[in-house]
1. Give the residues of segment 90-121 that are assigned to a helix (DSSP H, G or I), polar (S, T, N, Q) and at pLDDT 65 or above, sorted by residue number.
2. Which numbered condition trips up LEU64, out of (1) at pLDDT 90 or above; (2) surrounded by 14 or more Cβ atoms within 10 Å (Cβ to Cβ); (3) more than 21 Å from ASP14 (Cα to Cα)?
3. Given the conditions (1) part of a helix (DSSP H, G or I); (2) out of contact with any helix residue (DSSP H, G or I) (no Cβ under 7 Å at 6 or more places or on another chain); (3) at pLDDT 90 or above, which single one is not true for TYR24?
4. Search segment 27-41 for residues being more than 22 Å from THR97 (Cα to Cα) and not charged (D, E, K, R), and hand back the single one that is modelled with the lowest pLDDT.
5. Going through segment 54-89 one residue at a time, which ones are farther than 16 Å from LEU23 by Cα and under 17 Å from the mean Cα position of the chain (by Cα)?
6. Regarding segment 72-89, can at least one residue be identified that is at pLDDT 90 or above, acidic (Asp, Glu) and part of a helix (DSSP H, G or I)?
7. Would segment 87-94 turn up any residue that is loosely packed, with under 15 Cβ neighbours inside 10 Å, free of Cβ contacts under 8 Å to residues at least 40 places away in the same chain, farther than 20 Å from ASN112 by Cα and of a type in the set (D, E, K, R)?
8. For segment 43-60, which positions are over 20 Å from ARG29 (Cβ atoms) and among the small types (Gly, Ala, Ser)?
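The values are calculated or read from the model by the stated rules, or taken from the named source; none is laboratory data. This structure is a prediction, so every number in the text was calculated from the model and none was measured. Ideal geometry is used to build each Cβ from the backbone, glycine not excepted, and the neighbour counts take in all protein chains shown.
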Amino acid sequence: MRLFTSLEFNSLEDLFLEQIGDLYDAEQRLTQALPKMADAAHSPALKSAFQTHLRETKGHVSRLERIFKQFGKTPERETCAAMKGLISEGEDMINATGDPHVKDAALIAAANASSITKWRATAQSAPLQKNSVAAMSPANSRRRWTKKAMRTKS
């Protein structure tokens, strides 16, 4: 969500839908970035973790599309400047050279910075919406793959 905007919020639903649009954009961007991160990873376990993360992220996109539908809206992407910045930093890690194990650690750090915070913030406002999807936060699945990738050694 943008800090300085000309958007108008007349209800919590307006705010919620703008946040969902922002998340939708972030998750769409992530589905484009994760295959590149998987390709850049040295460790086979990390490659696998990124591929798992991609499948989960595609599920998050579907979940957001269902939320839009519940509100009678067409899914709309609201540019997520935060994710654009995070992906830019991730691309720096993808293009980095040096020790492959250190590069893998950098890729993990870049991936961890993804949209978990946005999901939590939006999920907190979800109970205020009587038609919202109850179990929308994917934070636990992201924690699982990160922990798995960090435990493995190539």
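1. The initial filter retains those residues of segment 90-121 that are assigned to a helix (DSSP H, G or I), namely 90-94, 100-112, 116-121.
Now restrict to residues that are polar (S, T, N, Q): 112, 117.
Selection gives ASN112 alone.
2. Failing condition for LEU64: (3).
3. Here TYR24 clears every test but (2).
4. Here is the first cut: in segment 27-41, the residues more than 22 Å from THR97 (Cα to Cα) are 27-31.
Cutting the leftovers down to not charged (D, E, K, R) gives us 28, 30-31.
On the way: GLN28: 95, LEU30: 92, THR31: 95.
In this case the residue turns out to be LEU30.
5. ARG55, SER88, GLU89
6. no
7. Residues of segment 87-94 loosely packed, with under 15 Cβ neighbours inside 10 Å: 88-89, 92.
The next check asks that each one be free of Cβ contacts under 8 Å to residues at least 40 places away in the same chain; those that pass are 88-89, 92.
Within this subset, residues satisfying the condition of being farther than 20 Å from ASN112 by Cα are none.
So far as segment 87-94 goes, no, none of its residues is loosely packed, with under 15 Cβ neighbours inside 10 Å, free of Cβ contacts under 8 Å to residues at least 40 places away in the same chain, farther than 20 Å from ASN112 by Cα and of a type in the set (D, E, K, R).
8. Matches in segment 43-60: SER43, ALA45, SER48.
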